[in-house]
Each structure stands twice: as C-alpha cells, then as structure tokens.
1. Scanning for something assigned to a loop (DSSP other than H, G, I, E, B), at pLDDT 75 or above, over 18 Å from the mean Cα position of the chain (by Cα) and surrounded by fewer than 16 Cβ atoms within 10 Å (Cβ to Cβ), does the range B:124-142 turn up at least one residue?
2. In the range A:126-181, how many are at the interface with chain B (Cβ under 8 Å from one of its Cβ atoms), acidic (Asp, Glu) and either part of a helix (DSSP H, G or I) or under 18 Å from residue A:77 (Cα atoms) (or both)?
3. What strands (runs of 3 or more DSSP E) completely inside the range B:162-226 contain at least 1 residues that are of a type in the set (A, V, I, L, M, F, W, C) and under 21 Å from residue B:250 (Cβ atoms)?
4. Checking the structure you have, find out if any residue of the range A:59-67 is aliphatic (A, V, I, L, M), within 10 Å of chain B (Cβ to nearest Cβ), outside any helix (DSSP H, G or I) and out of contact with any strand residue (DSSP E or B) (no Cβ under 9 Å at 6 or more places or on another chain).
5. Among the numbered conditions (1) touching a residue at least 24 places away in the same chain (Cβ under 8 Å); (2) more than 11 Å from chain B (Cβ to nearest Cβ); (3) over 25 Å from residue B:77 (Cα atoms); (4) not in a loop (DSSP other than H, G, I, E, B), tell me where residue A:5 comes up short.
6. Filtering the range B:214-231 down to residues that are at pLDDT 90 or above and charged (D, E, K, R), which residue is nearest to residue B:294 (Cα to Cα)?
7. Could you say whether any residue in the range B:72-80 is part of a helix (DSSP H, G or I), more than 23 Å from the chain's Cα centre (by Cα), modelled with pLDDT of 70 or more and facing chain A (nearest Cβ under 10 Å)?
8. Using the structure shown, decide if residue B:51 is more than 22 Å from residue A:20 (Cβ to Cβ), at the interface with another protein chain (Cβ under 8 Å from one of its Cβ atoms) and more than 32 Å from the chain's Cα centre (by Cα).
Amino acid sequence: MNNEILWGKFLEGDKDALSVLFKSIFDDLYGYGMRLTRNTEIVNDSIQDLFLKLWKNRLNLQQVEIVRPYLLKALRRQMISNLRWSKRYINMEEVSDDFFEIEYSHEDFLVKEQTDKESNEKLVALLNQLTGRQKEAIYLRYFQGCDFETVSEIMTMNVQSVRNTIHRGLLSLRDLLPVFLLCVPFVDPVYK
Amino acid sequence: VYKVKFGSINMAENKIKWTYDEILLSKEFFAYTMEPNEEIKEYWGKILENDMEVQNEFNKALKINDLLMSHKKTRYSPSFKENILHTIIQKIEIEENAGSPRNWFTRPFVRIAASLLLILGLSFLFSLFLNRPKTAIELSVAYNEIIVPSGEKAQVVLPDGTKIWLNSESKLRYPSVFAKDARKVYLEGEAYFDVRKIKKSKFLVNTQGVKIEVLGTIFNVKSYPDEQTVETSVVEGKVKVDAGSQNNNIEPVYILPSERAIFYKSSGTFTSANKEEKRITKETPLHQKPLITVGEVNIKNIVSWKDYFLVFDNETFDEIAVKMARWYKIHVQINDEVLKKQRFTGKFVNNETFYQVLEAINLTTPIEYKYEGNELVVTPCYHRMFPQKKKPKI
C-alpha cells in the first residue's frame, strides 16, 4: 500500500494506517529532522507533535498528491515552532537563513575505498562552509532526492531561488574536482 | 517513487554550454541519476558523442553527484522508532478516552449519564403522576437524579447554566425547574460546582446535614455517606457553610479561595489530619460532638479529579484504598495495620492503571498484592523491607 492510500485512510481515522504510514515515512522525517538540528529530543518531540496534530485535525485536512514532501514540509514547520520554543526566540515572524544549525559530518557519507576517504573529508568540509539554506537545499536535493519544485515547496522558496541556491552550493564544491580530474570515459552509472 | 517531468527532448538545447554545474542542475541529469531509462540514456549519449569536453564535464558532474548521493541513512536504535510510534498512539488514545474538560460532552459515558438522567427524570415525572393524589402539594416539583457508579465520572449542566462535575459513586438530585429565589440541589458523594451567578437567586447544596450557600462561585464538595467528614473547598468566590442544627451550636462559616471547611459528622473518634486547621466553634467540643474546622489547602490537588488526575496528598494507604475503590471500581483490602497508616503523596496524570499506582507505591514501600475473589489484597513485603543479611561464612 502506498503512502497516498495510507494517508487517505489516516484521514478517515484509521489508526492502523497511521502506524503503517509512520513506519514507512519515519526514516525520511527523522533524517531531515536530525539534519535541521542535532538535538534528538526536539526531533523526537516534533515528530510526535506533528502526528498528534495531524490526527487531531484530520477532518480538516485533504488528500494530497504526494505525501512525503507534504510531511517533510509539515515537520519543518513543526521544528521551527519547537526550536523557537526551546530557544525562546523573540522574533516570531522571521526564519533567518541560519535558523537551523545544519552540519554535515564524515559519518553521513559512505567510504568505500581509501581514495574516497580524502574526497569525503573534503566534501564535508566544503558542505559545512555553505549557508544554512544551501545546506538544507542540498540535503533535500541529494539526501531526500527531491526535485527543485519539491524543494521549493518544502522550504517555501520559489523554484528559481532554490535553483540558484543549489547552483551556488554546487559551485563551491568545485574544489573537490582536482582530486579526480583523471578523464574517465563515459560509462553507464549503476544506480539503485 | 520520484516522478520527474521533463519536456520533449529538444536538440536545440545542445546550444547550452554544458559545464558540470549546468549538467548537475538539469532535469535530464536528475532523471538520469534517479531512474535512468532508454530515452534519457539516448539523450545524454547524443550530447556526449564526440565531445570530449562535455564528456569531461559530465564525468565531473557524475562524481559530485556520486559523492553527494553516497550518504548513509541517519541511524537510530531499533526500539527508537517503535517507542515514538507507541507514544503517539498512546497519547491519541488518552486524548480520545479521557479528553480534556472541553470535550467532556462528546464522551461516551457522559452521553450514557445524560440518557440516564433523562430516564430518571422521566420516571420521576411518571411516579409523580402516579402519586399525585397523595402527595400533590409536596411534590409539586419534579426531580432529576443522576447516579454515577464507581469507576466513572459525569458532568451535568443544570437548567440555570450551572456546571457540575460528579466524581465516582456520587448522586445528585435537582428539580427540573428551579424556584425563583433559590436553587436547591442535593448531593451525596463528591462534586465540583461551577455556579452561574444569578441576581437574587442563591444556590444551595444540601448534603448530610450541611447546607452550602453561594451566589456564583466555584467550589468542591466531598461528602460520602461512608466517610466521617463533609469537606467544602473553594476555588473562586466566597462560600457559606452551615452545619448548624438543633442538636449542635455550630455557627455558619464563610470560606474563601484555597480554604477548606471540614465538618466532622462523627459520633465516633477521629483525628484532625491538618494541625494548622483552627477550630471555629466557640466551645471546645468533645471529639464525640460534631465539629467544623477551616484551614488552607492546596486547592489544585483537591479538584484535580475532574481532570482525571488521581492525586494523593499526604494520605494514608487506608484513604488511598477508598479512593482507588471509587476510581477503579476495585476493592482493596490492606492486611496490615502499619501499612494502613503509611502516608503517600503522588500524582497520576496519564490515566494510569491501578497496577501502575500500586507499583508506584511499591517503589517506596515494598508491598505485594494479589487477587482473592473480587478483592485485591495488599500485604507488606517484609523480605524486601528488611533484607536478610548474608551470614558470614565460617
């Protein structure tokens, strides 16, 4: 059963659907949450608050085309409010560029070979130099596999700014390139 | 999973200068990396054909993409996810079963109580008609009666708008139409009153020889026939408690918020639980005589039952057993005099089961409990209370 069908059942008040949907979406939500803050408690609370809120308001909610980005966006909003509470932010309106303390670590990436290790470390260092927004957009793009439209939807930015944000981020990664400038002939990549 | 829409592939796009970053940003590259199909492979094949420079850029793009995509899942312990889900489900169920005072009326037993009320009201009316010739004058008013069994609670709104929460094992009787100058109700058990203020109309609670008189206030009355006291506690406003009768010289007392008047009906023996409570009556009464005292209390603890919080405020296990019997509809028998007098303070806010309550007690005072027929028998657990020391080896 896909998430959209589960979502429909969730809206009808089906608790089993809630459990199945939760299990299927948890990794993505938790991964995103842990990217936005390093505080497990806040992520844990936000996910709980989110599901409780959705359940409470389910009669006022609607079926959505794709559930995943919808929930990612909802979690982001919940995290903003929970982080504000924990930090006692005074300005309630604005979410600054560096609102989330996003940080990448070498543990985020797989290291297959020794040569990878060097480039991974460099990658992490370069990623951490990006602005908060760039880090988040790149996370959503590459870790969650979202296209620009979806990223813009989740981060409430327009598509062009998302494109520009990611573009600038990718340009900053150009320092990675000299490490492997060897001209490898074009081959079919083996992706999942 | 990821639907990517890209327009018809237009060879004119080849005019774009394909640098690695432009490649990375293109929808076609996204599609190529996410779910490559023949169409998209052909697309890139044509662009890369015979162009070493673009091939080089494409490989750079692939490498960066590869690096970024070779991320790991955020890890967590296996039980973590299950625990969060469990908490969510539990919270939902608590909310659905217990609810907040605001959605009291949507809850099943309140509906049952309401229908009970209707039936009782009707039967009273009916009996009234049957008895009419005999008692027409006295019974000119029809009464409604609400009976709340143990293990349950209920709420009523009286015709004047007064809200009343009824605790387990309580009975409330009130006329279906109030008299103009006084609104009289009869109570047995425990109730929380939120009285609507009406000019020139007193609100009177009659309970076991005590008359409680208010205008518009919030207060709690605890008056179980099997207990020795009638306790009136004020949340808001001012309350007059009159325990006077022909047989005693007790004068009415006025109590204010966070104060409690305790009327000892008793003809037997009793002791004042609270030393700070000062006696109000002029004469020093003997213990055998009825007596009223007034003292300060933690009002939150007293009224917390209506929000489904089970609170023990320095109460003896004996008193707790009575509370638990009403709350959980179980009979608790304590087989130890010392244990009976042991005092506990605690607050249970999540609809804990009585096992959880007993386990909480068990944390500080080792006890054992088991069912014997309909009774839950509690005994002290001596071997944990006084662990035997190991005998030194010779």
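The values are calculated or read from the model by the stated rules, or taken from the named source; none is laboratory data. Just so it is clear, the structure is predicted and the values come from calculations on it, not from any experiment. We place every Cβ from the backbone using ideal geometry, glycine too, and count neighbours over all the protein chains shown.
1. No, the range B:124-142 contains no residue that is assigned to a loop (DSSP other than H, G, I, E, B), at pLDDT 75 or above, over 18 Å from the mean Cα position of the chain (by Cα) and surrounded by fewer than 16 Cβ atoms within 10 Å (Cβ to Cβ).
2. Qualifying residue count, the range A:126-181: 0.
3. B:182-194, B:202-207, B:210-214, B:218-223
4. Scanning the range A:59-67 turns up at least one residue that is aliphatic (A, V, I, L, M), within 10 Å of chain B (Cβ to nearest Cβ), outside any helix (DSSP H, G or I) and out of contact with any strand residue (DSSP E or B) (no Cβ under 9 Å at 6 or more places or on another chain).
5. Of everything listed in (1) touching a residue at least 24 places away in the same chain (Cβ under 8 Å); (2) more than 11 Å from chain B (Cβ to nearest Cβ); (3) over 25 Å from residue B:77 (Cα atoms); (4) not in a loop (DSSP other than H, G, I, E, B), residue A:5 misses just condition (1).
6. B:231
7. Here is the first cut: in the range B:72-80, the ones part of a helix (DSSP H, G or I) are B:78-80.
Among the residues that remain, those that are also more than 23 Å from the chain's Cα centre (by Cα) are: B:78-80.
Still in the list and also modelled with pLDDT of 70 or more: B:78-80.
Of the ones still in play, those that are also facing chain A (nearest Cβ under 10 Å) are B:80.
Yes: the range B:72-80 contains one or more residues that are part of a helix (DSSP H, G or I), more than 23 Å from the chain's Cα centre (by Cα), modelled with pLDDT of 70 or more and facing chain A (nearest Cβ under 10 Å).
8. Working: more than 22 Å from residue A:20 (Cβ to Cβ): yes; at the interface with another protein chain (Cβ under 8 Å from one of its Cβ atoms): no; more than 32 Å from the chain's Cα centre (by Cα): yes.
Spelling it out, it is not the case that residue B:51 is more than 22 Å from residue A:20 (Cβ to Cβ), at the interface with another protein chain (Cβ under 8 Å from one of its Cβ atoms) and more than 32 Å from the chain's Cα centre (by Cα).
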